[in-house]
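Participant: My structure is below; once you've seen it, I'll send some questions.
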Amino acid sequence: MDAALRSATPSERPYALSAHDLEYMIDEASTVAPEAHGTTDPSPDDGGLGERAARTRSLILKAAQQLFLDRGYSGTRINNITDACGISRAGFYTYFKDKREVFNLLGEESYRDILATVTRWDDIPHPASRADVERWVTEYFAFMDVHGAFIFSSAQSAPPDEDFRESSKRLQMRIAWLLGTNLRNRQIEPTDAPEALGLAVMAMLDRSWYQSRVQRLPVDDGDMIATVAAMIRSTIRTND
């Protein structure tokens, strides 16, 4: 942590959040790249589309998500997406104007869902039992089942412009700060760096999910969840 951040209290950090910031964070997720919303409503429920159109749009998003992970953003072309979906280029452009719009929409949905997952700590009893934390880790793994491919691909390869990268880092730090603050509020000796705590816990969660459910290393999924939950509980020093 640099000197300016170290001297600031947690609430004075540039990514610190008040209660009023949560609504703003959701709004900001849809403005990461405003130019990306030229042709479709980015809302996940596809409320303005018919069933077949919604299914095709969802297929495009899922195919692109995996391709971004396998080939990187720069290495993924529209042809790759349409081939994976079994649709024409014209079919792609019915729903999206370019791959940047697809990438941004995946990011928006991921951000909204991780925000909802992290804020569930508000409803967890204080102190949190082992079962409480295991349920939350299970929810986090379920979030990663949906968005993990995008999260790992965006960390490795994303649109190259600096504005996008800075916005992405800012949103990531805000989520880390939010999670870290929730955990800090349960610590006997509260950390003065909730953002570091949040980042460390998220890194553990993401890597554990990847090794268990993507690499499928020989470890029981339930054991992985229980172990991660125990490690989180050790940071907040709860009692049964």
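Participant: Do we have any residue at all in the stretch 170-189 that's open to solvent by less than 20 Å² (accessible area, probe 1.4 Å), within 14 Å of the chain's Cα centre (by Cα) and polar (S, T, N, Q)?
Facilitator: There is no residue in the stretch 170-189 that is open to solvent by less than 20 Å² (accessible area, probe 1.4 Å), within 14 Å of the chain's Cα centre (by Cα) and polar (S, T, N, Q).
Participant: While we're here: Scan T56, T94 and give me the residue that is open to solvent by 60 Å² or more (accessible area, probe 1.4 Å), out of contact with any strand residue (DSSP E or B) (no Cβ under 6 Å at 6 or more places or on another chain) and assigned to a helix (DSSP H, G or I).
Facilitator: After ruling out the rest, the residue left standing is T94.
Participant: Please go through the stretch 137-146 and give me each residue that is crowded, with 18+ Cβ neighbours inside 10 Å and either touching a residue at least 60 places away in the same chain (Cβ under 8 Å) or of a type in the set (G, A, S) (or both), ordered by number.
Facilitator: Answer for the stretch 137-146, where residues must be crowded, with 18+ Cβ neighbours inside 10 Å and either touching a residue at least 60 places away in the same chain (Cβ under 8 Å) or of a type in the set (G, A, S) (or both): V137, Y140, F141, M144.
Participant: When you scan the stretch 215-224, do you find a residue that is without any contact (Cβ under 8 Å) to a residue 40 or more places away in the chain and on the phi > 0 side of the Ramachandran plot, even just one?
Facilitator: Yes, that holds for at least one residue.
Participant: Pairs, please: C-beta under 8 Å, at least 6 apart or cross-chain, first residue touching a residue at least 12 places away in the same chain (Cβ under 8 Å) and in the stretch 182-208, second open to solvent by 60 Å² or more (accessible area, probe 1.4 Å) and of a type in the set (S, T, Y)?
Facilitator: What qualifies is D192/T9; S208/T227.
Participant: Is one or more of the residues making up the stretch 200-211 within 30 Å of R77 (Cα to Cα) and buried (at least 21 other Cβ atoms within 10 Å of the Cβ)?
Facilitator: So far as the stretch 200-211 goes, yes, one or more of its residues are within 30 Å of R77 (Cα to Cα) and buried (at least 21 other Cβ atoms within 10 Å of the Cβ).
Participant: Modelled with pLDDT of 55 or more, part of a helix (DSSP H, G or I) and in contact with a helix residue (DSSP H, G or I) (Cβ under 7 Å, 6 or more places away or on another chain), is that true of L49?
Facilitator: The answer is no for L49.
Participant: If you go through the stretch 59-90 one residue at a time, how many are open to solvent by 20 Å² or more (accessible area, probe 1.4 Å), farther than 22 Å from S110 by Cβ and assigned to a helix (DSSP H, G or I)?
Facilitator: 4
Participant: Can you name the residue in the stretch 214-240 that is open to solvent by 60 Å² or more (accessible area, probe 1.4 Å) and outside any loop (DSSP other than H, G, I, E, B) and, of all such residues, is modelled with the lowest pLDDT?
Facilitator: Top of the filtered list is V214.
Participant: Here is a follow-up. Checking R184 against (1) closer than 30 Å to L61 by Cα; (2) at pLDDT 95 or above, which single condition isn't satisfied?
Facilitator: Just one mismatch for R184, condition (1).
Participant: Could you list, in sequence order, all residues of the stretch 76-131 that are under 30 Å from G222 (Cβ atoms), without any contact (Cβ under 8 Å) to a residue 24 or more places away in the chain and more than 14 Å from the chain's Cα centre (by Cα)? So that I can check it myself, show each step before the final result.
Facilitator: Going residue by residue through the stretch 76-131, those that are under 30 Å from G222 (Cβ atoms) are 106, 109-131.
Filter once more, keeping what is without any contact (Cβ under 8 Å) to a residue 24 or more places away in the chain: 116, 120, 123-125, 131.
Once the filter is applied, which keeps residues that are under 30 Å from G222 (Cβ atoms), without any contact (Cβ under 8 Å) to a residue 24 or more places away in the chain and more than 14 Å from the chain's Cα centre (by Cα), the stretch 76-131 yields R120, D123, I124, P125, A131.
Participant: To continue, here is another question. Are any residues in the stretch 78-111 touching a Lys or Arg at 6+ places or on another chain (Cβ under 6 Å) and polar (S, T, N, Q), and if so, which ones?
Facilitator: T82
Participant: Same structure, new question: Out of all the residues in the stretch 139-166, which are over 12 Å from the mean Cα position of the chain (by Cα) and not aromatic (F, W, Y)?
Facilitator: Taking the stretch 139-166 first, the residues over 12 Å from the mean Cα position of the chain (by Cα) are 139, 156-166.
Within the stretch 139-166, E139, Q156, S157, A158, P159, P160, D161, E162, D163, R165, E166 meet the criteria.
The values are calculated or read from the model by the stated rules, or taken from the named source; none is laboratory data. Note that the structure is a prediction, hence the values are computed from the model and not measured. In this analysis, Cβ positions are derived from the backbone assuming ideal geometry, glycine residues included, and neighbour counts consider all displayed protein chains. Remember, those area values only see protein heavy atoms, side chains included, never the ligands or the DNA or RNA. Shrake-Rupley method; radii C 1.70, N 1.55, O 1.52, S 1.80 Å.
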